[in-house]
1. I'd like the Kirkwood hydrodynamic radius of the chain, using the inverse of the mean 1/r over distinct C-alpha pairs, in Å.
2. Any idea what the relative contact order of the chain is, in percent, if you count C-alpha pairs under 8 Å spaced at least 6 apart?
3. At a 1.4 Å probe radius, carbon and sulfur cover how many percent of the accessible area of the range 126-218?
4. Just to be sure I understand the curve: with the Debye formula and one point per C-alpha of the range 191-290, what is log10 I(q)/I(0) at q = 0.10, 0.11, 0.21 Å⁻¹?
5. Taking only DSSP H segments of four or more residues, each worth -39500 (n - 2.57), what value at 222 nm results for the chain once the sum is divided by all its residues, to the nearest 500 deg cm²/dmol?
6. Measuring with a 1.4 Å probe in the full set of protein chains, what accessible area per residue, in whole Å², belongs to the range 111-157?
7. In the chain, which helices (entire DSSP H runs) extend 15 Å or more along their own long axis, judged by Cα positions, while averaging at least -0.5 on the Kyte-Doolittle scale?
8. For the range 44-129, build the convex hull from the C-alpha positions and give me its volume per residue in Å³.
Amino acid sequence: MDTDTGTDAGTGTGAVEPAAARRMWHLLEPVHAVVYYAPEAYEEAAALGYGTGERWPAYFAWRAAPLGAAGAEETTAAFHSFSPDMVARYVPESWRIAAPDAVLAARTRAVTRTYAALLGPGADAPGVAEAATLARRVAGAAVPAGPLSAANAALPWPGEPAAALWQAATVIREHRGDGHLRALREAGLDPVESLVSFAAIGAAPPEVFASRGWTPTAWEAARSRLAARGLVDAVGAATEAGRELRAQVERRTDELAAAPWRVLSDDEREHLAKALEPFWVAAIGSGLLPGVNTLGIGKV
């Protein structure tokens, strides 16, 4: 394992438009997310003893392992959008099946195997190492904003370029996610209200958000609270005020996410975007990722 952070080169431009940070998130998110659906990752999870009849046992293990043997309350707070009852079904049971260090080692193997399957010889192409180097600089500049970004940033770096790129993408996206939670709190939206208000602007149908484990009763109660604030109408669609509040959340998220990207020059950022294309195309083209998701990519 390589422990060099790779963050000492380059000074960047000192200014990055929030829209540029959003564009890079759109490119990096599939690079990160595909491992949660890849058959190679399911195989690694099964080898550890996790059930693979659904994706959640492995998902909670892969994503929470950097936190150590975290309990349900800590994991719920870090993940934010999942109901406490759903988290409690998988945590801390995850750590009785396999220790976090074993999960992290298996996660790196899963990433390496996934991208070897998706890219073939291209997983070892020079462009992958270049992308990993640039992405690691951004990850190194991402001042931890919450537990998930901090925990992933503290991990040693894999030696394989594809795995290093995935880890950098993970640090960057968790940094963005932690900033998003800050924006939601500033907007006065609790976890379930965050989902209801996002569904209300058409980010995804309400049934897609059911994957977060909230009961219909909790969903309707959140909708009533939003209606009382004038943010949704009688049928649950966002009002003008509701759309503006969500737009404010997205703007604030982009502003907070932009800071680490200042470590790269405009040309370096474009070079990274170009280098990410094979990964993005492979992840999207694999058919593994759901066409509609709770992140609202392509919708907001």
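1. The answer is 19.7 Å.
2. Relative contact order for the chain comes out at 30 percent.
3. Carbon-and-sulfur percentage of accessible area, whole number: 64.
4. Cα-only, vacuum Debye calculation for the range 191-290: -0.44, -0.52, -1.01.
5. Values: 15 runs with 190 residues, N = 300.
So the calculated ellipticity at 222 nm is -20000 deg cm²/dmol.
6. 39
7. 18-33, 100-119, 126-141, 161-186, 216-228, 266-285
8. 112
The values are calculated or read from the model by the stated rules, or taken from the named source; none is laboratory data. This is a predicted model, so every value here is computed, not measured. Quick reminder, even Gly has a Cβ in these numbers, built from the backbone with ideal geometry, and neighbours come from all protein chains shown. Surface accessibility is based on the protein's heavy atoms, side chains included, excluding ligands, DNA and RNA. Shrake-Rupley method; radii C 1.70, N 1.55, O 1.52, S 1.80 Å.
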